[in-house]
1. Among Arg144, Arg203, Arg11, which one moves the most in a GNM of the chain with springs linking Cα atoms closer than 10 Å?
2. Once R0 is set to 22 Å, what does the formula 1/(1 + (r/R0)^6) return for the Cβ-Cβ distance between Leu88 and Ala108, expressed as a FRET efficiency to the nearest 0.05?
3. Setting aside same-chain residues fewer than 8 positions from Lys15, which aspartates and glutamates have a Cα under 19 Å from its Cα?
4. For the stretch 1-70 and the stretch 177-217, what is the separation of their Cα centres, given in Å?
5. What distance in nm separates the simple spin-label points at Gln195 and Asp26, each placed 7 Å from Cα in the Cβ direction?
6. Give a quick list of chymotrypsin sites (Phe, Trp or Tyr not before Pro) in the stretch 127-224 that DSSP marks as loop, anything other than H, G, I, E or B, with at most 16 other Cβ atoms within 10 Å.
7. Quick check for you: with a 1.4 Å probe and neighbouring chains kept, what is the accessible area per residue of the stretch 105-150, in Å²?
8. Rounded, prolate or oblate: which one fits the stretch 142-221, using the alpha carbon gyration tensor with axes a ≥ b ≥ c (rounded when a/c is under 1.5, else prolate when a/b beats b/c, else oblate)?
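The values are calculated or read from the model by the stated rules, or taken from the named source; none is laboratory data. Everything quoted here is computed from the prediction, not taken from an experiment. We place every Cβ from the backbone using ideal geometry, glycine too, and count neighbours over all the protein chains shown. We work out accessible area using only protein heavy atoms, side chains counted, and drop any ligands, DNA or RNA first. Shrake-Rupley method; radii C 1.70, N 1.55, O 1.52, S 1.80 Å.
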Amino acid sequence: MHIRDWPAGERPREKLLKRGATVLSDAELLAIFLGSGLRGLDAVATARQLLAEHGPLRRLLEHSPPELAKLPGLGPARACQLSAALELCNRYLAAGLERGEALTDPSAAGRYFAQRLRGHPSEIFAALFLDTRHRALAFEELFRGTVDGAEVHPREVVRRALAHNAAALIVGHNHPSGSAEPSAADRAVTARLKQSLALVDVRLLDHFVIGDGAPVSLAARGWV
């Protein structure tokens, strides 16, 4: 049965319009992008097959556009649509930090770091630079490493903070293994960064570790 022959309340687009996007399953959301399915399958069934074979959703969306284009049911045009949608999400989150409002919700920064860093095959260490009112000045990826770690140089972090005339900053890095549990090395780097930044009157507000689950805040654990 084609989706247009389904009861109106079960069709993904109609459900979204009537009840909002949050009620849709991953497969239904993906089906809206697909528009149509593989031969013999509707868009929802095709989406379910994609998620079963190449998912879950986050893993599927972490594929590069050329990789997505090779998957059954996608192709170049749909791969570009999915990649563009993901980048829109990234820019939406960035806009919330860049529109001049003070950062009052620490978890918002954690979500932003997760969106920017999660899924990379190697470790990336990044910083969000803030002014005296904790408004975002810039976000930079400072160090890249291997799957096991990235070497962090406090002097370079201090140099970039001074270049942005930052009064404070939040740092974060991803764990490609998926575990967001801070290591002893993570705590040691945090301590060195805090000491180095204090010498130039810049505050280190938090250090987020990004894995598969929720971001882990070292400040929340009393380690900053």
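1. Of Arg144, Arg203, Arg11, the Gaussian network model singles out Arg11 as fluctuating most.
2. On the way: r = 18 Å, r/R0 = 0.81.
Computed FRET efficiency for Leu88 and Ala108 comes out at 0.80.
3. Within the straight-line limit of under 19 Å, Lys15 reaches these aspartates and glutamates: Asp5, Asp26, Glu28, Asp42.
4. Between the Cα centres of the stretch 1-70 and the stretch 177-217 lies a distance of 38 Å.
5. My value for the distance between the label points is 4.4 nm.
6. The qualifying sites are Trp223.
7. 46
8. Since a/c reaches 1.5 and a/b is larger than b/c, the shape of the stretch 142-221 is classed as prolate.
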